1. Take the residues in region 363-383 that are of a type in the set (Ser, Thr, Tyr) and touching a residue at least 24 places away in the same chain (Cβ under 8 Å), then tell me which one is surrounded by the fewest Cβ atoms within 10 Å (Cβ to Cβ).
2. Might you let me know whether region 216-231 holds any residue that is at positive phi and surrounded by fewer than 20 Cβ atoms within 10 Å (Cβ to Cβ)?
3. Does residue 40 satisfy the criteria of being part of a helix (DSSP H, G or I) and more than 17 Å from residue 104 (Cβ to Cβ)?
4. Has region 104-113 got any residue that is of a type in the set (Gly, Ala, Ser) and at pLDDT 85 or above?
5. From the list 306, 292, 337, which residue is basic (Lys, Arg) and under 20 Å from residue 227 (Cβ atoms)?
6. Out of the residues in region 106-148 that are free of Cβ contacts under 8 Å to residues at least 24 places away in the same chain and not hydroxyl-bearing (Ser, Thr, Tyr), state the one that is nearest to residue 17 (Cα to Cα).
7. Check whether at least one residue in region 146-163 is more than 21 Å from residue 104 (Cα to Cα) and β-branched (Val, Ile, Thr), and report yes or no.
8. Considering only residues that are of a type in the set (D, E, K, R) and more than 19 Å from residue 21 (Cβ to Cβ), which ones fall in region 317-367?
Amino acid sequence: MKAVILAAGEGNRMRPLTRTRPKVMLPLANKPILEHLLVEVIAAGIKELIFVVGYHDEQVRDYFGGGEKWGVNIAYANQRKQLGTADAIRMSENLVDGHFMVMNGDVIVNRKDIRKLAAKRGNALGIIEVKDTTGLGMVELKKGKVVHIYEKEKNPPSTTANAGFYRLTPDIFQAISRTPVSPRGEYEITDSLGIMMDNGIDIAYHKISHWIDLSYPWDLLTANEWLLAATRLKNLGAIEENVVIKGAVSIGKNTTIRSGSYIVGPVMIGEGCDIGPNCYIRPFTAIADGCRIGGAVEVKNCIIMRNSKLPHHNYIGDSIVGEGCNLGAGTKVANLRLDKKEVWANGVNTGKRKLGAIIGDGVETGINVCINVGTVIGNGTLIGPGAVASGVILPGSQVF
């Protein structure tokens with residue numbers, strides 16, 4: 001069996017993090033989302049994969065190549081314009097034969113569920129019960145099969161979501177050829193499945209045990225926490241005297257943990273990092289390659305991307321920092337509203353009581369900058385000494 005993984009989209013709701021990379025290449029526990037999915041697919045016994053790529057496809061191709069590193073074969077299909085999931089699957093038609101798996105490249109599922117769905121007969125999809133139906137396709141079930149899919153409706157009559165996870169037969173391609181453009185201007189696979197059902201083709205389902213939908217930047221923190229919970233103690237770097245390490249902490253090659261640093265796992269630190277002295281790294285933090293976490297810096301529940309620097313007297317919690325950022329001495333990020341209510345970011349209720357900032361690539365701050373809860377900062381922004389940053393700041397801005 002082959003697996004088609006849809007990895008062509010930008011992920012507009014993930015901006016500014018996706019301005020320079022496809023959504024599937026955003027890091028979780030220091031690996032791209034797509035790599036975590038690939039590992040689970042391989043563990044489920046599938047060794048032939050087709051990546052449907054488009055937006056910044058060179059990053060996916062360069063990272064995964066032909067799959068040699070993972071002992072699998074990866075082929076590629078290009079979706080030049082992102083015209084929907086049905087159109088993306090259509091791009092793989094000449095690369096698959098017989099039944100095959102399809103999954104969105106930006107979801108986190110486990111190998112057991114992949115294996116169980118693959119074992120179904122005919123066409124089937126993965127479903128999951130959710131509390132919040134916003135932005136999801138909802139599924140109506142009857143007598144052991146799917147009878148209707150409601151795509152992103154405001155008041156769907158169901159709390160059972162389509163997990164973007166399918167087992168399909170070649171019948172799907174005929175249905176895709178007859179699929180009209182949706183009100184959102186896309187060719188959607190759920191409409192294709194509806195055509196199949198209208199023509200008497202049954203769609204079975206499998207209720208999956210664990211699924212994380214990565215729609216917004218703060219969803220990355222939830223997934224990162226889940227993945228880091230499985231972190232194992234690994235030290236490939238250098239640890240000076242008087243360093244305290246508690247719990248599972250992974251330290252990459254050529255990384256130095258300097259004296260007085262206090263690290264509480266689960267924490268993952270990449271290669272070539274300079275940590276400390278006298279810093280405090282708290283649980284569920286992932287620090288990518290080439291980062292600097294300096295003296296009197298506290299980091300908690302964060303994703304810090306490659307080559308970023310938090311060098312002096314910084315506090316940052318429940319936040320995401322893009323690549324190549326530099327926070328000036330004394331820069332602090334607030335992560336809790338004074339009224340303790342849920343944080344809103346970019347006009348969206350995140351559902352989180354604690355959320356700091358979403359910081360794009362190449363952002364620099366001066367000394368003693370304050371960044372308010374839920375702030376979204378675009379790539380290449382400069383924030384001057386003593387400034388207060390809040391709300392949504394467009395890429396390339398200067399805040400003084």
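1. Looking at the filtered set, the residue picked out is 375.
2. No, the conditions are met nowhere in region 216-231.
3. No, not satisfied.
4. yes
5. None of the other options fit; the residue is 306.
6. Checking each candidate, the answer is 140.
7. Scanning region 146-163, I find at least one residue that is more than 21 Å from residue 104 (Cα to Cα) and β-branched (Val, Ile, Thr), so the answer is yes.
8. 318, 332, 337, 339, 340, 341, 342, 352, 353, 354, 364 - these are the residues of region 317-367 that are of a type in the set (D, E, K, R) and more than 19 Å from residue 21 (Cβ to Cβ).
The values are calculated or read from the model by the stated rules, or taken from the named source; none is laboratory data. Just so it is clear, the model here is predicted, and its values are computed rather than measured. Note: ideal-geometry Cβ built from the backbone for every residue, glycine included; neighbour counts use all protein chains shown.
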